[in-house]
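Reading through the structure tokens given below for one structure.
The values are calculated or read from the model by the stated rules, or taken from the named source; none is laboratory data. Model, not experiment: these values are computed from the prediction. Cβ atoms come from the backbone with ideal geometry, glycine included; neighbour counts cover every protein chain shown. Ligands, DNA and RNA are stripped out before the accessible areas are found, and what is left, the full protein with its side chains, is counted by its heavy atoms. Shrake-Rupley method; radii C 1.70, N 1.55, O 1.52, S 1.80 Å.
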Amino acid sequence: MKNIIEINHLSKSFGEVKAVQDLSFRVKEGELFAFLGVNGAGKSTTINIMCAQLTKDSGSIVIDGYDLDKNVDGIKRELGVVFQNSVLDGALSVYDNLQSRAALYGIIGDEFKSRLDELSELLDFKDLLKRSVSKLSGGQRRRIDIARALLHKPKILVLDEPTTGLDPQTRKILWNVISDLRKNEQMTVFLTTHYMEEAAEADFVVIIDSGKISAEGTPLELKNTYTGDFITVYGIDEATVKKFGYEYEPIRDAYRVSVPNTKAATELIIKYPEVFVDYEITKGKMDDVFLSVTGKKLVGGTEK
Amino acid sequence: MKVVLTLIKRNIKLFFKDKGMFLTALITPAILLVLYATFLSNVYRDSFTMNFPQGIPVPEDIIDGLVGGQLISSLLAVSCITVAFCSNFLMVQDRANGTIKDLRIAPISTSVLSLSYYVATLISTLLICFTATVICLVYVAAIGWYMSALDVLLLFLDVIILVFFGTALSSLINFFLSTQGQISAVGTIISAGYGFICGAYMPISSFSDGLQKVISFLPGTYGTSLFRNHAMDGALKALGEEGIPNEVIDGLRDAVDCNIYFFDTKVEPYVMYIVLFVSIALLVGGYILLNVFRKKDK
């Protein structure tokens, strides 16, 4: 897979505040890339620079072969962006909104109608076309936001906290759509999110903190590097758990033992086969990775 | 070109569908109507009749024509500017609510966006002001019609020129605004203040000498004067035909701002046009320069 986004030594400051410091990473074509960080970590600054909404102080950005310094319009045609907050015109109908945005890419007349048919089918909003955007529910509006981002068939879909504030059902629907797009159109998805379970589905994760990369890798690599495994053992007493020599915590009907890795878990099971009758081994979660890397919990984007 | 046209259509639709913006645009003309309905018309009627020499009967409909002419000239002078400002607030609103990011993310230049705001404001304001002009003319026809066909044509020309001026002025000022609070502040100042400084609420001639001199530097003043000339000239001429001496009529022309003086020099109508055209050119030039030198970062 080729690199569709290449960012090298990107830096950006606002006065004394260094928003992004020497940031370098790659995104491969067709992958789901998760970009994590608390509010103010530099995620939005990076996205805004990628989309040519902000100038950079130094570094280079190449998207699908287009250099940001040389061909901004080329890059803009490759990017579809779903902003954190819906930025459509509330007073206008869904149709009017999509028509005006499509025209920005030269998509008009029959070409627009045909694309609208495809998108309204894909995102299931045919019955919403005449309704004012201000009268849509959060989930409906998000679907229209995604449709707007996809109007010009971009190669990369940038999702800036797309599911924040949505109910679980709507989140699931949106992720199914995004998943279909990736499969059917080989679309690359660049995601920032506060939901760690969404980041866990990513092919590659970059965690930034104070404008710098703190950790990067696949979710498995990150979990293996920054968190241990957990063995949940059922039907044993505390005295037995103490013998293991690892940290543990009692849960409703079992004990959860923290081990450094899967190898240590295996060794423990081999050592005490009579104890491990009913048990399960789980990897640490992305929340644990984030906490371990940044020392902060990601709860709704705020630092805890 | 199609991109610009689509954006213009979007901007116009948004202005007329956003009841808040649309109604705000009509506040100042509404205030003016209330003022006239409650007391200003009587004040002016009295001030006109007080100046007429005793023994010369003046038909009531000429006085009505004068009062009506003053009302519609004030209304139009104010509306062309305040409606343009409110319509152009869309540019600021797009910045305030982040919509501008969604527009700029597309491969179009900022000059296309700026042009679309300018033309949309121009069209929206012209639509409203032409409608207002027609209503005003119907009103004048009902109370006392003394306008010639040329006066009517020139009145429409004045509307076009003042709308161009209002759009250019609002584009330049709104360029620096980016929040809802600033929209409210500027909207309030323009709505409340412009009616006074352009002489719509009270004639400029009734202000102090110092203030009159300051106001004579403002191009909008000459717009009001053009409206006054074209809305009231017929009725003023009719006064002459009724035997009112020319000195009295000239005094009235001074009193209602048909005659405007730059210091002590009377400004002829053609000079008023030149002042307005030059002002529009300067304001549009300034707006273009601001867009050219706009920095991406704040």
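Here are B:F15, B:F85: which of them is within 14 Å of chain A (Cβ to nearest Cβ), within 22 Å of the chain's Cα centre (by Cα) and modelled with pLDDT of 90 or more? Just one listed residue meets the conditions, B:F15.
When the residues of the stretch A:248-273 are filtered to those that are at pLDDT 90 or above and part of a loop (DSSP other than H, G, I, E, B), which remaining residue is least open to solvent (accessible area, probe 1.4 Å)? Only one residue tops the list, namely A:Y272. I want to confirm something. Restricting to the stretch B:23-56 and keeping residues that are assigned to a loop (DSSP other than H, G, I, E, B) and aliphatic (A, V, I, L, M), which single residue is nearest to B:Y118 (Cα to Cα)? Residue satisfying both the conditions and the ranking: B:L26.
Might you let me know whether the stretch B:112-131 holds any residue that is at pLDDT below 90, farther than 30 Å from A:G106 by Cβ and not hydroxyl-bearing (S, T, Y)? Within the stretch B:112-131, not a single residue is at pLDDT below 90, farther than 30 Å from A:G106 by Cβ and not hydroxyl-bearing (S, T, Y).
Against the list (1) more than 22 Å from A:V81 (Cβ to Cβ); (2) under 16 Å from the mean Cα position of the chain (by Cα); (3) among the polar types (S, T, N, Q), the condition A:T193 fails is (1). The numbered conditions (1) open to solvent by 50 Å² or more (accessible area, probe 1.4 Å); (2) in a helix (DSSP H, G or I) are all true for B:Y146 except (2). Do you know which residues across the stretch A:172-209 are acidic (D, E) and in contact with a Ser or Thr (Cβ under 9 Å, 6 or more places away or on another chain)? Answer for the stretch A:172-209, where residues must be acidic (D, E) and in contact with a Ser or Thr (Cβ under 9 Å, 6 or more places away or on another chain): A:E198, A:E201, A:D203, A:D209. Only one entry in B:I108, B:I128 is within 14 Å of chain A (Cβ to nearest Cβ), among the β-branched types (V, I, T) and buried (at least 20 other Cβ atoms within 10 Å of the Cβ), namely B:I108. Being surrounded by 17 or more Cβ atoms within 10 Å (Cβ to Cβ) and within 14 Å of another protein chain (Cβ to nearest Cβ): is that true of B:T28 here? For B:T28, the condition - surrounded by 17 or more Cβ atoms within 10 Å (Cβ to Cβ) and within 14 Å of another protein chain (Cβ to nearest Cβ) - is not met. Residues being open to solvent by less than 50 Å² (accessible area, probe 1.4 Å), of a type in the set (V, I, T) and within 14 Å of chain B (Cβ to nearest Cβ) are entirely absent from the stretch A:168-179.
Do we have A:K223 as crowded, with 19+ Cβ neighbours inside 10 Å and either basic (K, R) or in contact with a strand residue (DSSP E or B) (Cβ under 6 Å, 6 or more places away or on another chain) (or both) here? Judged against the criteria, A:K223 is a match. Across the stretch B:1-23, the qualifying residues are those that are basic (K, R) and closer than 17 Å to B:L126 by Cβ, and the one among them that is least open to solvent (accessible area, probe 1.4 Å) is B:K13. Mind listing just one residue for me: the one in the stretch A:232-275 that is among the aromatic types (F, W, Y) and more than 37 Å from the chain's Cα centre (by Cα) and, of those, farthest from A:L220 (Cα to Cα)? In this case the residue turns out to be A:Y272.
Residues of the stretch A:210-233 being under 15 Å from A:A265 (Cβ atoms) and assigned to a strand (DSSP E or B), which ones? Scanning the stretch A:210-233 gives A:D229, A:F230, A:I231, A:T232, A:V233.
Listed by position, the strands (runs of 3 or more DSSP E) enclosed by the stretch A:1-118 that each have at least 3 residues that are more than 14 Å from chain B (Cβ to nearest Cβ) are A:3-14, A:17-28, A:32-36, A:58-63. Could you check, for the stretch A:124-137, whether at least one of its residues is away from every other protein chain (no Cβ under 14 Å), assigned to a helix (DSSP H, G or I), exposed (fewer than 15 other Cβ atoms within 10 Å of the Cβ) and modelled with pLDDT of 90 or more? Yes, the stretch A:124-137 contains a residue that is away from every other protein chain (no Cβ under 14 Å), assigned to a helix (DSSP H, G or I), exposed (fewer than 15 other Cβ atoms within 10 Å of the Cβ) and modelled with pLDDT of 90 or more. Set side by side, the residues A:G284, A:G228 differ, and just one is surrounded by 13 or more Cβ atoms within 10 Å (Cβ to Cβ) and in contact (Cβ under 8 Å) with a residue 60 or more places away in the chain, which is A:G284. Scanning the stretch B:172-218 for residues that are in a loop (DSSP other than H, G, I, E, B) and over 18 Å from the mean Cα position of the chain (by Cα) gives B:F175, B:F176, B:L177, B:S178, B:T179, B:F207, B:S208. B:S116 satisfies every condition listed in (1) more than 25 Å from the chain's Cα centre (by Cα); (2) within 26 Å of B:L157 (Cα to Cα); (3) among the polar types (S, T, N, Q) except (1).
Per the conditions (1) surrounded by fewer than 22 Cβ atoms within 10 Å (Cβ to Cβ); (2) assigned to a helix (DSSP H, G or I); (3) of a type outside the set (F, W, Y), the sole criterion not satisfied by B:L75 is (1). Restricting attention to the stretch B:91-104, the residues being open to solvent by less than 10 Å² (accessible area, probe 1.4 Å) and either of a type outside the set (V, I, T) or facing chain A (nearest Cβ under 10 Å) (or both) number 5. Within the stretch B:271-298, the residues that satisfy the criterion of being away from chain A (no Cβ under 14 Å), loosely packed, with under 12 Cβ neighbours inside 10 Å and modelled with pLDDT under 95 are B:L289, B:V292, B:F293. Counting the residues of the stretch A:159-199 that are out of contact with any Leu (no Cβ under 8 Å at 6 or more places or on another chain) and farther than 19 Å from A:A41 by Cβ gives 16. Each residue in the stretch A:287-300 was checked for being of a type in the set (A, V, I, L, M) and either surrounded by fewer than 19 Cβ atoms within 10 Å (Cβ to Cβ) or more than 27 Å from the chain's Cα centre (by Cα) (or both), and 2 of them qualify.
Taking the numbered list (1) part of a helix (DSSP H, G or I); (2) away from every other protein chain (no Cβ under 14 Å) in turn, B:G20 passes all entries but (2). Of all residues in the stretch B:239-298, those satisfying the criterion of being of a type outside the set (A, V, I, L, M), outside any helix (DSSP H, G or I), within 30 Å of B:F48 (Cβ to Cβ) and out of contact with any Ser or Thr (no Cβ under 6 Å at 6 or more places or on another chain) are B:E242, B:G243, B:P245, B:C258, B:N259, B:Y261, B:F263, B:D264, B:T265, B:K266, B:E268.
The residue list B:R45, B:R10 contains one member that is within 13 Å of another protein chain (Cβ to nearest Cβ) and out of contact with any His (no Cβ under 8 Å at 6 or more places or on another chain), which is B:R10. Candidates are the residues of the stretch A:20-74 that are modelled with pLDDT under 95, of a type in the set (V, I, T) and open to solvent by 30 Å² or more (accessible area, probe 1.4 Å); the one that is nearest to A:I208 (Cα to Cα) is A:T55.
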